[in-house]
Amino acid sequence: MKNNLSLDLYRQMYLIRRAEELIVKHYPEDEMKTPMHMSMGQEAVAVAVCHALGPRGQVFGFYRSHAVFLAKTEDPEQFFGELYGKVTGTAHGKAGSMHLAAPDKGFMCASAVVASSIPLAVGAAFANKQKRNGVIACAYFGDGALEEGVFWESLNAACVMKLPVLFVCEDNGLAVHSKREVRQGFKCITDVVRHFEGSVYQEDSTDVEVLYGRALEAIESIKSQGKPSFIHLKCRRYLDHIGIAAEFDVGYNSKAEFEEWFARDSVALQRKKLFSDGWTEEMLADEERRIDARLEESVRKAALAPFPAPEELYRGVFYERH
């Protein structure tokens with residue numbers, strides 16, 4: 001019961017899972033004025049890597065970044081504020097779910113355009129190398145980003161310049177609804193990436209502690225070898241590409257396929273591990289109640305918070321008066 005790491009990892013995954021369950025509950029009320037690309041089922045990847053990076057790591061996300069944002073910031077107040085389009089949000093309600101950002105907490109930005117934040121992470125890594133500050137930049141992306149030319153350009157540049165950047169591929173096997181075999185002309189991404197001058201890691205486990213260990217290896221390699229690392233992590237999104245419907249309701253995967261993966265659900269697995277470590281149901285329930293209360297209050301405050309004033313539209317953007 002002394003294993004604080006195991007509990008910390010569970011707390012973060014539980015926070016993310018419950019936050020998204022609240023989105024599923026409240027989204028039909030039509031008060032969250034933003035499209036939703038849900039991270040449910042992919043919590044372990046986000047939590048493992050962000051925990052391994054530590055507070056100084058710089059994270060660049062993509063349109064499906066709920067889990068990564070909450071893992072890096074643990075800030076549901078700003079998170080829900082942005083989803084509700086209110087002044088309490090990360091961008092004062094102007095950005096929505098796909099453009100979350102909290103650079104003061106290491107979540108540098110997210111972008112709705114596939115693969116577009118990958119070169120930003122490479123640029124940040126270049127700046128960090130020039131500054132010699134020891135900070136590692138991390139690019140998160142789905143396996144659909146592998147079909148974008150900018151991924152290969154960014155990977156090549158990072159390897160040529162030996163930049164401190166961690167490439168994290170969250171591979172849920174889908175690009176929107178298209179499966180791997182109809183869009184990729186290679187059988188194994190890690191076999192291809194191994195031909196570049198960097199370190200490559202792969203993991204199929206849903207155990208957040210196993211993923212955390214693999215992320216630590218990738219980060220240590222960056223520090224010791226002065227080269228980028230690429231880590232390929234298999235996962236499964238439980239909901240549709242966009243929205244709150246279950247993936248099997250949409251029809252591109254069967255319920256049986258979902259249930260096979262859900263039997264290895266990372267949140268449930270970590271909870272069971274805590275029981276084996278000496279935690280009781282009552283003790284864990286107390287931890288969960290505290291997180292639930294904070295999330296419920298975050299939603300309540302976001303719903304009641306004011307919308308931004310019209311002049312806020314012109315803040316943080318470049319425009320020219322004629």
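When region 275-304 is examined, which residues are found to be in contact with a Ser or Thr (Cβ under 8 Å, 6 or more places away or on another chain) and farther than 18 Å from Ala19 by Cα? Break it down into steps so the answer makes sense when it comes.
Within region 275-304, the first condition is being in contact with a Ser or Thr (Cβ under 8 Å, 6 or more places away or on another chain), and the residues that meet it are 277, 301-302.
Asp277 - this is the single residue of region 275-304 that is in contact with a Ser or Thr (Cβ under 8 Å, 6 or more places away or on another chain) and farther than 18 Å from Ala19 by Cα.
Those residues that are in contact with an Asp or Glu (Cβ under 9 Å, 6 or more places away or on another chain), under 21 Å from Pro310 (Cα atoms) and of a type in the set (Gly, Ala, Ser), I need them from region 59-100; list them, please.
Scanning region 59-100 gives Gly85, Gly89, Ala91, Gly93, Ala95, Gly96, Ser97.
Name the single residue that is surrounded by the most Cβ atoms within 10 Å (Cβ to Cβ) among those in region 204-249 being within 23 Å of Asp8 (Cα to Cα) and among the β-branched types (Val, Ile, Thr).
Looking at residues that are within 23 Å of Asp8 (Cα to Cα) and among the β-branched types (Val, Ile, Thr), I get Ile231.
For region 51-75, how many residues are farther than 16 Å from Ala245 by Cα and touching a residue at least 60 places away in the same chain (Cβ under 8 Å)?
Pass one, region 51-75, residues farther than 16 Å from Ala245 by Cα: 51-63, 65-75.
From what is left, the residues that are touching a residue at least 60 places away in the same chain (Cβ under 8 Å) are 51-53, 56-62, 65, 68, 74.
The qualifying residues number 13.
Would you check if there is a residue in region 223-236 being under 30 Å from Phe196 (Cβ atoms), among the charged types (D, E, K, R) and not in a loop (DSSP other than H, G, I, E, B)? So that I can check it myself, show each step before the final result.
The first filter runs over region 223-236 and keeps only residues under 30 Å from Phe196 (Cβ atoms), leaving 223-236.
Filter once more, so that each one left must be among the charged types (D, E, K, R): 223, 227, 234, 236.
So of that shortlist, the ones also not in a loop (DSSP other than H, G, I, E, B) come out as 223, 234.
Checked against the condition, which is being under 30 Å from Phe196 (Cβ atoms), among the charged types (D, E, K, R) and not in a loop (DSSP other than H, G, I, E, B), region 223-236 yields at least one hit.
Can you report the number of residues in region 81-98 which are among the aliphatic types (A, V, I, L, M), in a loop (DSSP other than H, G, I, E, B) and at pLDDT 95 or above?
First, the residues of region 81-98 that are among the aliphatic types (A, V, I, L, M): 83, 87, 91, 95, 98.
Next, only the ones that are in a loop (DSSP other than H, G, I, E, B) stay: 87, 91, 95.
In the following step, the residues that additionally are at pLDDT 95 or above were identified as 87.
Count: 1.
Applying the selection to region 296-317, what residues are under 25 Å from the mean Cα position of the chain (by Cα) and surrounded by 13 or more Cβ atoms within 10 Å (Cβ to Cβ)? First the steps, then the outcome.
Quick first cut of region 296-317, residues under 25 Å from the mean Cα position of the chain (by Cα) only: 296-303, 316.
Answer for region 296-317, where residues must be under 25 Å from the mean Cα position of the chain (by Cα) and surrounded by 13 or more Cβ atoms within 10 Å (Cβ to Cβ): Glu296, Glu297, Ser298, Val299, Lys301, Ala302, Ala303.
With respect to Ala293, is the statement that it is in a helix (DSSP H, G or I), out of contact with any strand residue (DSSP E or B) (no Cβ under 7 Å at 6 or more places or on another chain) and under 24 Å from Val168 (Cβ atoms) true? Talk me through it step by step, then tell me what you get.
On the way: in a helix (DSSP H, G or I): yes; out of contact with any strand residue (DSSP E or B) (no Cβ under 7 Å at 6 or more places or on another chain): yes; under 24 Å from Val168 (Cβ atoms): no.
For Ala293, the condition - in a helix (DSSP H, G or I), out of contact with any strand residue (DSSP E or B) (no Cβ under 7 Å at 6 or more places or on another chain) and under 24 Å from Val168 (Cβ atoms) - is not met.
Please work out which residue is surrounded by the most Cβ atoms within 10 Å (Cβ to Cβ), limiting yourself to region 13-49 and to residues that are assigned to a loop (DSSP other than H, G, I, E, B) and among the small types (Gly, Ala, Ser).
The residue in question is Ser39.
Within region 228-238, work out how many residues are more than 15 Å from the chain's Cα centre (by Cα) and over 12 Å from Ile136 (Cβ atoms). Full working, then the answer.
Going through region 228-238, the residues more than 15 Å from the chain's Cα centre (by Cα) turn out to be 228-230.
With over 12 Å from Ile136 (Cβ atoms) added as a condition, the list becomes 230.
Qualifying residue count for the region: 1.
When the residues of region 268-295 are filtered to those that are surrounded by 12 or more Cβ atoms within 10 Å (Cβ to Cβ) and among the basic types (Lys, Arg), which remaining residue is farthest from Asp207 (Cα to Cα)?
Arg294
Working only within region 166-191, note down all residues that are under 20 Å from the mean Cα position of the chain (by Cα) and at pLDDT below 70.
Listed by number, the residues that qualify are Leu174, Ala175, Val176, His177.
Outside any loop (DSSP other than H, G, I, E, B), out of contact with any strand residue (DSSP E or B) (no Cβ under 6 Å at 6 or more places or on another chain), among the polar types (S, T, N, Q) and free of Cβ contacts under 8 Å to residues at least 12 places away in the same chain, is that true of Gln78? Show your work before the answer.
Numbers: outside any loop (DSSP other than H, G, I, E, B): yes; out of contact with any strand residue (DSSP E or B) (no Cβ under 6 Å at 6 or more places or on another chain): yes; among the polar types (S, T, N, Q): yes; free of Cβ contacts under 8 Å to residues at least 12 places away in the same chain: no.
The answer is no for Gln78.
Examine region 55-68 for a residue that is surrounded by fewer than 24 Cβ atoms within 10 Å (Cβ to Cβ) and in a helix (DSSP H, G or I), and state whether such a residue exists.
no
Among the listed residues Ala52, Ala102, identify the single one that is within 16 Å of Ala139 (Cα to Cα), buried (at least 21 other Cβ atoms within 10 Å of the Cβ) and over 10 Å from the mean Cα position of the chain (by Cα). First the steps, then the outcome.
Details: Ala102 fails: buried (at least 21 other Cβ atoms within 10 Å of the Cβ).
Only one candidate qualifies: Ala52.
The values are calculated or read from the model by the stated rules, or taken from the named source; none is laboratory data. Computed from a predicted model, the values in this text were never measured in an experiment. Positions of Cβ are generated from backbone atoms using ideal geometry, with glycine treated the same way; all protein chains shown enter the neighbour counts.
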